[in-house]
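Note sheet for the following structure.
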Amino acid sequence: GTATNLLANPGFENGVFQTEWSTSDYLMLYGDAHSGSYYMWLGGYWNANDYIWQEVSIPAGQKAVLDFWYKVEPGSSVADAKDTMFVEGDSISNTKLLTLFSIAAPTVATGWKQSAPLDLSAFAGQTIRIRFSGTTGTSSKTSFYIDDTALTLVGAISANTSGSTANIVFSGNRSNYSIVKNASTFTVTNK
């Protein structure tokens, strides 16, 4: 089955009239998107502190995973130490709960890249804000671009911890997952 994306307007295709994401400024771009026509732009000027966020409710007992596409274009041949993009899980009162991802500006442009899956299971049963932010310093104007965001449920987690055994139930077909055994642990990844 197809996973349901919990984020509204995840690829920003509603364009300049999008209302699903709250922003610090007018941050929408048209053109060189990862897919579709629109994408978000953070930074690109000195002393930037740009952000976008969306509130989302993660059902109790569910494993939720966030991934997105991003591109970084440095504003000079020397990156400022403040030039960084962050992805956070924030409370609805705007308190940072967890930094999920960060990348410092490189000195050369990167093409569109997909993030690794970021586990938000710690927020099951809660409403949080998914927040993307880009900051720059006084010596560089790095641009951070974001497109095709996805927050999907990848399985119901139910633990039966009798002794040292745990049963975890994942939704969907077995072919949707890869399972790797390392010593005494198993890692399950949604393909």
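Amide H of residue 13 versus every other amide H placed in the peptide plane: which residues, excluding those fewer than 5 positions away on the same chain, fall under 5 Å?
Amide H neighbours of residue 13: none.
Over region 1-112, with the other protein chains present, what is the accessible area per residue in square angstrom, probe 1.4 angstrom?
About 50 Å² of surface per residue is accessible.
Could you tell me what a quarter of the Cα convex hull surface of region 1-121 works out to, in nm² with one decimal place? Present the calculation step by step, with values, prior to reporting the outcome.
On the way: hull surface 34.7 nm².
Hull-based average projected area comes out at 8.7 nm².
Please get the size of the charge dipole for region 1-149, origin at its Cα centre, with Cβ charges of +1 on Lys and Arg and -1 on Asp and Glu, quoted in debye to the nearest 20. Walk me through the numbers on the way to the answer.
Numbers: 8 positive and 15 negative charges, 52 e Å.
Charge dipole, region 1-149, about its Cα centre: 260 debye, nearest 20.
For region 1-113, calculate the relative contact order in percent as a whole number, restricting contacts to Cα pairs under 8 Å that are 6 or more residues apart. Walk me through the numbers before you get to the answer.
Numbers: 136 pairs, mean separation 22.7, N = 113.
About 20 percent, as a whole number.
Could you please state how large a percent of the accessible area of region 61-102 is carbon and sulfur, counting protein chains only and using a 1.4 Å probe?
53
According to a simple spin-label model (label point 7 Å from Cα along Cα-to-Cβ), what is the distance in nm between residue 188 and residue 113?
2.9
Dividing the convex hull volume of the alpha carbon atoms of region 70-124 by its residue count, what do you get in Å³ per residue?
Normalising the Cα hull of region 70-124 by residue number yields 92 Å³.
At a Cα cut-off below 19 Å, give the lysines reachable from residue 63, other chains included and same-chain residues fewer than 8 away excluded.
Reachable lysines: 191.
Give me a comma-separated list of calculated 3J(HN,Hα) values for region 33-43, in order, Karplus coefficients 6.51, -1.76, 1.60 applied at θ = phi - 60°, integers in Hz, x for any Gly or Pro.
Whole-Hz 3J(HN,Hα) from phi for region 33-43: 6, 5, 8, x, 10, 10, 7, 9, 10, 10, x.
The values are calculated or read from the model by the stated rules, or taken from the named source; none is laboratory data. As the structure is a prediction and not an experimental result, all values here were calculated from the model. No Cβ is skipped: glycine too gets one built from the backbone with ideal geometry, and neighbour counts run over all protein chains shown. Heads up: the accessible areas ignore ligands, DNA and RNA and are worked out on the full protein's heavy atoms, side chains in. Shrake-Rupley method; radii C 1.70, N 1.55, O 1.52, S 1.80 Å.
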